[in-house]
Amino acid sequence: MSGPRVRIAPSPTGFMHVGTARTALFNWLFSHQSGGVFILRIEDTDAERNRDEWREGIIAGLHWLGLDFDEGPFLQSDLLPDHVVAAEALFANGYLYPCDCTREEIDERTKGNAKPGYDGHCRDRHVARTDQTALRFRVPDEGTTVVHDVIRGDITFAHDSYEDFIVVRSNGVVLYPLANAVDDRTMKITHIIRGEDLLPTTPKQVMMWEALNHCPEVESVDHPKYAHLPMLVNEQRKKLSKRKDPVAVESYRDQGYLPEAFVNYLALLGWSPRGEEEIVPRSTLIEQFRLEDVSHSPAFFDVKKLTHMNGEYIRALSLEQFIEAATPWVAPWSSEWTPSDRDVPWTREQFDPSLFSHVAHLVQERVATLGEIPAMVSFFFLDDVPFDDVTFEKAIAQDGTAKNVLTLALDAFATVEWSADALHHSTLQLGESLGLALRKSQAPIRCAITGTSVGPPLFESMELLGREVVLERLRGALARAGA
Ligand code: GLU
Ligand code: ZN
């Protein structure tokens, strides 16, 4: 027996959603652990809402995450003839019937009905098929349809809660539930792994799949297995909102999340590795992932946890890997890919790659995303110290002893041996002569040199900047403070 065939079938109606990425990952893991095939099918039939750049965005997102597909991308719009063939077969075999009711007529007739939706008015009226009639599916009056779900077990849907739904509009358009099922049949999909939000349509698809298998002119295809993945929710336990929550995969890439960290985090949304450790390499995910172990409960998409995890991944890089990963953010001109809308604070001439390679280990320990790097190291490359006004006021302008510290430092640093240790010792001493703890004596110096109160270790940074620059900045800060 050959391996399973799975697919993702996103509609390109917006930026690639983290939910799509999670679905892609689970499909990818499942196919990779069992010698299966992972297919990308773009469901692009809603011409008004689709955009080419969103389709490209999905492909780029999968590529960034290393979730490459084995077949595709197929475009649903290229498969329209198959949908029509299937609809005609269903019609010819009596599973669909024409309906000429208008929305208003239906509303008028059904208001007050216990069961919402269409009332089956045209079922046995033998309405002639014209360009004014839709085709509806004849849902059996009684009985149930069972969806076999690997995660949720068998889910039973009673037929009497389903209306005779429209399959083909009067304008000839075959609607999504059939189009989607027909493509899954054509592509011989064995497992449909997708979001829980699609579960309400699944029984309709199972009914039509079954009906198609009874149409003599259509090749019978085994029913696929289903796996509906738990919903992703925000901190308020509400479904992630496209407008309010940060859901675009692209924005995580642009902020400098590492694809491996992102994949690892996505894997935890509804599933967890066997041991205590949540940080596990992709090979372990492939080995341990089991569709049956996926949870039913909504999964909290926790950006804080993702960010923390990303920091761990950044720290685990070798220095060389870190410098390479940081390049699009610090030296976009030497990188093929660059994050969108991100301005580097320095010019190409101001940036010194060799200095950055010396500074890199100082920041690697301190950033959670690559996008944080430029602000943290800009003082190394900018001619003017990038002062944060609030910090300057607090650490220097409004601080009684700060100017004394800077004056003493100017004097001491002019002759001190130029090493981080000696600078550290010298700062400690000049602080003591003023009765200050190191924390207090270091603060104005840090502000004078870096412009802010946080950043890489101060003495190492000063060592790298060199005596001349440090003395100049101390003088500059004193002048700025009007001393
Ligand atoms: N194109 C649909 C969607 O994105 C269907 C997905 C599917 O069946 O996996 O919601
Ligand atoms: Zn009707």
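Tabulated values for the structure
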quantity: Qualifying positions in the stretch 209-261 - touching a residue at least 12 places away in the same chain (Cβ under 8 Å), of a type in the set (Gly, Ala, Ser) and over 30 Å from Arg138 (Cα atoms); calculated: Ala248, Ser251, Gly256, Ala261
quantity: Residue identified as more than 16 Å from ligand 1 (Cβ to nearest atom) and surrounded by 13 or more Cβ atoms within 10 Å (Cβ to Cβ) among Arg103, Arg109; calculated: Arg109
quantity: Verdict on Asp68 being open to solvent by 60 Å² or more (accessible area, probe 1.4 Å) and assigned to a loop (DSSP other than H, G, I, E, B); calculated: yes
quantity: Qualifying positions in the stretch 1-22 - more than 11 Å from ligand 1 (Cβ to nearest atom) and of a type outside the set (A, V, I, L, M, F, W, C); calculated: Ser2, Gly3, Pro4, Arg5, Arg22
quantity: Members of the stretch 130-146 found to be open to solvent by 10 Å² or more (accessible area, probe 1.4 Å) and either farther than 18 Å from Asp100 by Cα or of a type in the set (Phe, Trp, Tyr) (or both), listed by number; calculated: Pro140, Asp141, Glu142, Gly143, Thr144, Thr145, Val146
quantity: Identity of the residue in the stretch 14-49, open to solvent by less than 30 Å² (accessible area, probe 1.4 Å) and of a type in the set (S, T, N, Q), that ends up farthest from Asn234 (Cα to Cα); calculated: Ser31
quantity: Filter result for the condition that a residue is of a type in the set (A, V, I, L, M) and surrounded by 18 or more Cβ atoms within 10 Å (Cβ to Cβ), over Val416, Val367; calculated: Val367
quantity: Inter-residue pairs, beta-carbon under 7 Å, first in contact (Cβ under 8 Å) with a residue 12 or more places away in the chain and in the stretch 179-197, second within 8 Å of ligand 1 (Cβ to nearest atom) and part of a loop (DSSP other than H, G, I, E, B), 6+ apart; calculated: Asn180/Ala9; Asn180/Glu43
quantity: Condition met for Leu90 (more than 16 Å from ligand 2 (Cβ to nearest atom), over 28 Å from Ala211 (Cα atoms) and open to solvent by less than 20 Å² (accessible area, probe 1.4 Å)); calculated: no
quantity: Residue list for the stretch 438-462, filter: within 14 Å of His425 (Cα to Cα) and either open to solvent by less than 10 Å² (accessible area, probe 1.4 Å) or free of Cβ contacts under 8 Å to residues at least 24 places away in the same chain (or both); calculated: Leu438, Arg439, Ser441, Gln442, Ile445, Leu458, Met462
quantity: Residues being closer than 30 Å to His191 by Cβ, touching a residue at least 24 places away in the same chain (Cβ under 8 Å) and either of a type in the set (Gly, Ala, Ser) or within 11 Å of ligand 2 (Cβ to nearest atom) (or both) - total across the stretch 100-151; calculated: 2
quantity: Test: residue in the stretch 173-181 that is polar (S, T, N, Q), closer than 20 Å to Leu80 by Cβ and touching a Cys at 6+ places or on another chain (Cβ under 9 Å); calculated: no
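The values are calculated or read from the model by the stated rules, or taken from the named source; none is laboratory data. Model, not experiment: these values are computed from the prediction. Positions of Cβ are generated from backbone atoms using ideal geometry, with glycine treated the same way; all protein chains shown enter the neighbour counts. Note: areas computed on protein heavy atoms with side chains; ligands, DNA, RNA excluded. Shrake-Rupley method; radii C 1.70, N 1.55, O 1.52, S 1.80 Å.
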